[in-house]
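The values are calculated or read from the model by the stated rules, or taken from the named source; none is laboratory data. Since we're looking at a predicted model, the values are computed, not measured. Glycine gets a Cβ as well: all are built from the backbone with ideal geometry, and neighbour counts include every protein chain shown. Accessible surface is based on the protein model in full, side chains and every heavy atom, while ligands, DNA and RNA are left aside. Shrake-Rupley method; radii C 1.70, N 1.55, O 1.52, S 1.80 Å.
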Amino acid sequence: MSRTQGARVLLLVMVLLAFGAQVAFAAEGAKSESSTFFVVSVLTGGFAMAIASGAAAIGQSRAIASAMEAIGRQPAAAPQIQVAMIIGLALIESLAIYVLLVALIIFFANPFIKYVVPGA
């Protein structure tokens, strides 16, 4: 599957999920605004986590590659380089965890629903 076909399939799946959730909530008698808000919240959180995970992976791979090159140039400094690399990796990973926390808050607490859906 080429990259363009993969993007088309992903777009189709997202559209089907968005409309499928609206139909499911409409069948339960839920308000249209709240179901739309739920779909937008889920898509926003999912995209945020995907972007954060990808950025964290790229940052970690660059940090590890640079550390390995530095260790290859100066093997005697390997312990100091390793400590700095591990601390840097922990900080990079914490950014992805913060995005996960925000996405979970958006999913389950819905702090902005009172501004979007009247009477919620």
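Ordering of 38-46, 70-78 by packing is 38-46, 70-78, highest average first (other Cβ atoms within 10 Å, averaged per residue).
Solvent-accessible surface of protein heavy atoms, probed at 1.4 angstrom with all chains present, puts LEU10, LEU100 in the order LEU10, LEU100, largest first. Rounded if a/c is under 1.5, else prolate if a/b is larger than b/c, else oblate: which is the range 53-120, with a ≥ b ≥ c the root eigenvalues of its Cα gyration tensor? In terms of gyration-tensor shape, prolate.
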